[in-house]
Amino acid sequence: MLCCVLGLLPATWLRVSTGDIRMTSGDVGAGAPSAPVAVVFGAGLWDGEPSPYLAHRLDTAAGLYERGSVRAVLVTGDNSRKDYDEPDAMRDYLTERGVPARRIAADFAGFDTWDSCSRASRVFGVRRALLVSQDFHIRRALALCRAAGIDSYAVAVPEPRDITWYAGGAREIPGAAKAAFEASVTPDPHFLGPHEPGVDRALADAGKDR
């Protein structure tokens, strides 16, 4: 019993630490406030194309852009191998759905949620954002982006409660423990590097339309 209690402590911390943050779910984030940028986290590719879960995140981000809730989109994912490129696949998907390429910035070193949040803040200069992910993952994204210094609002993408959803939820139990460590220690991401101007350029381009 003690082991069970200790094992669930990080998940409890995660829910308590994000309990004061409002979330929006439903059709393309209706009701979400405005923010300069939406951050979309990678969720895998199938034969080089966004997986269904990732496609749903991108559909939501495209809806936020179309609605005017955000002026730019930062896609962040894994490009650790030459034959696996989440950010470019995400960008292509968004452009096919009406988001101009010049309004999309790409982070090719978002290897996990902490790296994505930390690099969004420290490398891309994001200070306020709408975070887009499935409902089972969004609290961890919120906690970590807050720890990275980003004023964040969650846009939770709803999914059917099927085996994939429950598997994703189960992964959040060990994920919460890792997040608790990262939020308290705030380690450097795997790759830090200098400032990248992708978000700045996207927002500057958006400013031309005003």
Residues satisfying the stated conditions in region 130-149, i.e. more than 18 Å from L54 (Cβ to Cβ) and outside any helix (DSSP H, G or I): A148, G149
Flag for H195 being touching a residue at least 24 places away in the same chain (Cβ under 8 Å) and part of a helix (DSSP H, G or I): no
Test: A170 is touching a Leu at 6+ places or on another chain (Cβ under 9 Å) and of a type in the set (A, V, I, L, M, F, W, C): no
Flag if A141 is closer than 16 Å to E86 by Cβ and buried (at least 23 other Cβ atoms within 10 Å of the Cβ): yes
Near pairs, Cβ below 7 angstrom, 6+ apart or cross-chain, from region 146-157 (closer than 9 Å to L130 by Cα and small (G, A, S)) to any residue that is open to solvent by 20 Å² or more (accessible area, probe 1.4 Å) and modelled with pLDDT under 90: A154/I21; A154/M23
Qualifying positions in region 33-64 - crowded, with 22+ Cβ neighbours inside 10 Å, out of contact with any strand residue (DSSP E or B) (no Cβ under 6 Å at 6 or more places or on another chain) and assigned to a strand (DSSP E or B): P50
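Table: residues versus (1) loosely packed, with under 15 Cβ neighbours inside 10 Å; (2) assigned to a strand (DSSP E or B); (3) at pLDDT below 95.
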{"site": "G7", "(1), (2), (3)": "yes, no, yes"}
{"site": "W13", "(1), (2), (3)": "no, no, yes"}
{"site": "E66", "(1), (2), (3)": "yes, no, yes"}
{"site": "P87", "(1), (2), (3)": "no, no, no"}
{"site": "V99", "(1), (2), (3)": "no, no, no"}
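The values are calculated or read from the model by the stated rules, or taken from the named source; none is laboratory data. What you see is a predicted model; the values in this text were computed from it and never measured. Please note: Cβ atoms are built from the backbone with ideal geometry, for glycine as well, and neighbour counts cover all protein chains shown. Remember, those area values only see protein heavy atoms, side chains included, never the ligands or the DNA or RNA. Shrake-Rupley method; radii C 1.70, N 1.55, O 1.52, S 1.80 Å.
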